[in-house]
Amino acid sequence: MYNTLFYRGPEPSHATRVPARRSKGSLRGSMVAQLPGFERPRIIHFESALEYAFLCLMLVRDDVHHIREQPQAISYVGTDGRPARHVFDFLVTKTDGERIAVAIKPMQRVLRLNFASELEAVSAAVTKSFADRVLLVTDEHIDRQAAAEAARTLAWSRPSLVESAA
């Protein structure tokens with residue numbers, strides 16, 4: 001008997017918003033990834049080279065169970081006293097169950113926008129049901145060489161989208 005192979009496309013992204021396709025100032029894209037917390041391979045979007053580097057580094061780690069890009073928005077009171085909303089770039093769930101809400105920004109923008117102060121206000125509004133902690137990742141935290149190696153590893157270990165029919 002022959003096994004019949006068929007193509008089963010990846011699961012769509014679980015992001016609450018899909019990034020704009022074009023941008024003059026940053027890299028936009030998506031990739032198909034597989035983690036233990038995914039039922040099957042899934043599309044994950046990223047909005048910058050920095051997000052892509054972070055994503056690659058997370059996808060090759062043994063202690064990462066699930067990643068959701070662009071999770072639901074957090075409502076908070078801004079540093080100016082007005083109501084505001086923030087969407088984290090990623091919500092990472094580790095194998096031990098810890099959930100980390102990750103904001104990714106270039107250090108230059110963090111300083112220029114006083115983003116660290118704003119993120120403190122956002123952190124105060126984050127509930128334990130959403131995330132256990134908040135993490136700011138900048139270009140100063142990312143090892144570009146390690147991220148490039150992670151990207152190469154992912155390129156060689158892409159999840160299969162072909163299944164055998166019974």
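Numbers for the structure displayed
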| quantity | calculated |
| --- | --- |
| Subset of the stretch 74-110 (residues that are open to solvent by less than 30 Å² (accessible area, probe 1.4 Å), outside any strand (DSSP E or B) and under 16 Å from His45 (Cβ atoms)) | Phe88, Asp89 |
| Qualifying residue in the stretch 149-162 (condition: in a strand (DSSP E or B) and modelled with pLDDT under 95) | yes |
| Residues located in the stretch 56-73, provided they are open to solvent by less than 20 Å² (accessible area, probe 1.4 Å) and within 14 Å of Ala15 (Cα to Cα) | Ile67, Glu69, Gln70, Pro71 |
| Residue satisfying condition, being closer than 25 Å to Lys105 by Cβ, at pLDDT below 80 and of a type in the set (A, V, I, L, M), within set Leu27, Leu55, Leu35 | Leu27 |
| Residue count for the stretch 111-124, restricted to those that are surrounded by 15 or more Cβ atoms within 10 Å (Cβ to Cβ) and hydrophobic (A, V, I, L, M, F, W, C) | 4 |
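The values are calculated or read from the model by the stated rules, or taken from the named source; none is laboratory data. Source: prediction; values computed, not measured. Please note: Cβ atoms are built from the backbone with ideal geometry, for glycine as well, and neighbour counts cover all protein chains shown. Side chains are part of the model used for accessible areas, which takes the heavy atoms of the whole protein and leaves out ligands, DNA and RNA. Shrake-Rupley method; radii C 1.70, N 1.55, O 1.52, S 1.80 Å.
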